[in-house]
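To start, the structure under review is shown below, and the notes come after it.
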Amino acid sequence: MNHDHSPTGGELSNWVRVPGSERAAVQGSRKVGPADPNEQMSVTVVVRRPAADTAVTSMIEKVGAQPLSERRHLTREEFASTHGANPADLSKVEKFAHEHNLQVKEVNAAAGTMVLSGTVASFSKAFGVELSTYEHPDFTYRGRIGHVHIPDYLADTIQSVLGLDNRPQASPRFRVLKEEGGVTTAHAGRTSYTPLEVAALYNFPSIHCKDQCIGILELGGGYHPADLQTYFNGLGIPQPNITDVSVGGAANRPTGDPNGPDGEVVLDIEVAVAVTPGAKIAVYFADNSDDGFLNAITTAIHDTRNKPSVISISWGKAEIGWTPQAINAMNQTFRDAAALGVTICCASGDDGSTDRVQDGRYHVDFPASSPYVLACGGTRLESSGSAITQEVVWNEGALGGGATGGGVSDVFDRPDWQANANVPPSANPERRIGRGVPDWAGNADPATGYQILVDGTRAVIGGTSAVAPLFAGLIAIINQKLGHSVGFINPILYNLSAQHHVFHDITSGNNDMSGQNGPYEAQPGWDACTGLGSPDGTKLMNALSEAHRLVSV
């Protein structure tokens, strides 16, 4: 850590910067004054877990080299007892909190997180920051610039401090079908599908998923139970078992606007439920901030009551929009999920190869770029009857719409399981060899989108947001068939792609939204638009059943 004196001139003389905590103001925002010193707020502190750093990684590698039938993942209770935070470290942070008039609201020893509450004034002094109010055309937030500071005696204990700045951290990755002229429509388009029809086109097995729980993360909005009842009655599907889980006080709070976050929440639920009959759904509601996002993930992964075997995440932001400390904390949590046998499906983004960043460079979305998640890209799916007639890269950029996210990570190195996938160097000048995004893809074009019912309105929605819950459903089906969780499945998927015909190879299109060909084009095999392609669900399930005998991954 780089040593630095606290800018608040606190009573402690020796302060250090928390690595990777530096923030700049949101582009387009302006500082309007200091934050209210009496405002109550909460912050999440991530504490080191020495036993987890190398042990979990080596465990994942060991388990990944075993046949599926011989894999044994840790239970959540076992993980907490062997890889959780050291009680002595937690006590040090708790003592520090009390000395600065901060209260401990929650401790998750398994995840190594501690949620503190107090006033703006207390947090400013405790962490050596100046908190101010910023206004942006779309929102107002409490923000900071520069680094977070901590006393030097905590330098080897605290890894991240999240939530001091509560700017919106992520955006939902869905797109509503629009009429000609750009007016949002509430009517189903002629080429739209129900989730059941998409699942049938991808040859999903028909299996009752009575032993599975799918976790869905939401950072805003909500759903109306009456809408779900009407929707599933219309599809002839029994009413689902849905549990809402409040994280940090957030809850199911529909806004009434189907074009807002309600559209994301309902899309996720209706797609996941439709393709996995009998599965339980746990919806984790959290605030849209870096600590809210992290706490939603840790809550879901370490949930000993609902125990989701697969988690769908349809929210994200370009890697450059995250602090390194937040990325590190979340990636560590995804690594924990792999050790627990929990599969994470993440939308790869809806803004093409630049991911909505206007700096002349190419960007991928996080958390989809984490090497411990399954990144889900987008296609345009056309069919006749029960057969796919054409599937190409989703790209409406030249028409003012969206395009599948994809490219090469600026943060994560290329994992070993992508070594033979022909992932190109980054299209940025540095030509970095990084993690390729996405891993696979599915129907995401709003013009061939999903018919849903949200806020009493029938709409057609697309985006890679739809692909994450769709494929989370496929993973749940496979888990049910195999009788255990496949967990961190990425290495096996890449191995199977070279040996079995389990993917529809997408070879037409690109994800450059300028109307040009761009650096990333579809091609035979893996590409940075659609990954390995779209899955044939039954062939994939059968191949994974055979993979009980596969040792090499």
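Conditions tested, residue by residue: (1) buried (at least 18 other Cβ atoms within 10 Å of the Cβ); (2) assigned by TED's automatic domain parsing to the domain that holds M114; (3) in contact with a strand residue (DSSP E or B) (Cβ under 6 Å, 6 or more places away or on another chain).
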residue: Q239; (1), (2), (3): no, no, no
residue: D257; (1), (2), (3): no, no, no
residue: G260; (1), (2), (3): no, no, no
residue: E264; (1), (2), (3): yes, no, yes
residue: T276; (1), (2), (3): yes, no, no
residue: F285; (1), (2), (3): yes, no, yes
residue: I301; (1), (2), (3): yes, no, no
Inset, instruction - Among the residues of the range 321-340, write down those that are among the hydrophobic types (A, V, I, L, M, F, W, C) and in a helix (DSSP H, G or I). - result: A326, I327, A329, M330, F334, A337, A338, A339, L340
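Go through the range 395-423 and give me each residue that's outside any loop (DSSP other than H, G, I, E, B) and among the polar types (S, T, N, Q).
Of everything in the range 395-423, those that are outside any loop (DSSP other than H, G, I, E, B) and among the polar types (S, T, N, Q) turn out to be N395, S409, Q418.
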Inset, instruction - Have a look at V104, V148 and point out the one that is of a type in the set (V, I, T) and either within 19 Å of T333 (Cα to Cα) or buried (at least 17 other Cβ atoms within 10 Å of the Cβ) (or both). - result: V148
Legend entry - Residues (out of contact with any Cys (no Cβ under 9 Å at 6 or more places or on another chain), at negative phi and acidic (D, E)) located in the range 433-457: D445
Inset, instruction - Within the range 361-394, track down each residue that is of a type in the set (A, V, I, L, M) and under 11 Å from the mean Cα position of the chain (by Cα). - result: A368, V373, L374, A375
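One line per residue, one yes/no per condition, for (1) among the charged types (D, E, K, R); (2) crowded, with 24+ Cβ neighbours inside 10 Å; (3) within 13 Å of the chain's Cα centre (by Cα):
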{"residue": "I320", "(1), (2), (3)": "no, no, no"}
{"residue": "N328", "(1), (2), (3)": "no, no, no"}
{"residue": "N331", "(1), (2), (3)": "no, no, yes"}
{"residue": "D336", "(1), (2), (3)": "yes, yes, no"}
{"residue": "T343", "(1), (2), (3)": "no, yes, yes"}
{"residue": "S348", "(1), (2), (3)": "no, yes, yes"}
{"residue": "D359", "(1), (2), (3)": "yes, no, no"}
Inset, instruction - State all residues of the range 474-489 that are at pLDDT 95 or above and under 30 Å from T354 (Cβ atoms); if no residue qualifies, say none. - result: L474, I475
Inset, instruction - May I ask you to say which residue of A111, A51, A65, A35 is modelled with pLDDT under 95, crowded, with 16+ Cβ neighbours inside 10 Å and not aromatic (F, W, Y)? - result: A111
Inset, instruction - Working only within the range 461-512, note down all residues that are of a type outside the set (G, A, S), touching a residue at least 60 places away in the same chain (Cβ under 8 Å) and touching a Lys or Arg at 6+ places or on another chain (Cβ under 6 Å). - result: T464
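Let me confirm something: among L470, L493, which residue is at pLDDT 95 or above, within 22 Å of the chain's Cα centre (by Cα) and in the same structural domain as T343 (by TED's automatic domain parsing)? Don't jump to the end; show me each part of the working.
On the way: L493 fails: at pLDDT 95 or above.
None of the others qualify; the one that does is L470.
The values are calculated or read from the model by the stated rules, or taken from the named source; none is laboratory data. None of these values were measured; they are calculated from a predicted model. Every residue, glycine as well, gets a Cβ built from its backbone with ideal geometry; the counts of neighbours run over all protein chains shown.
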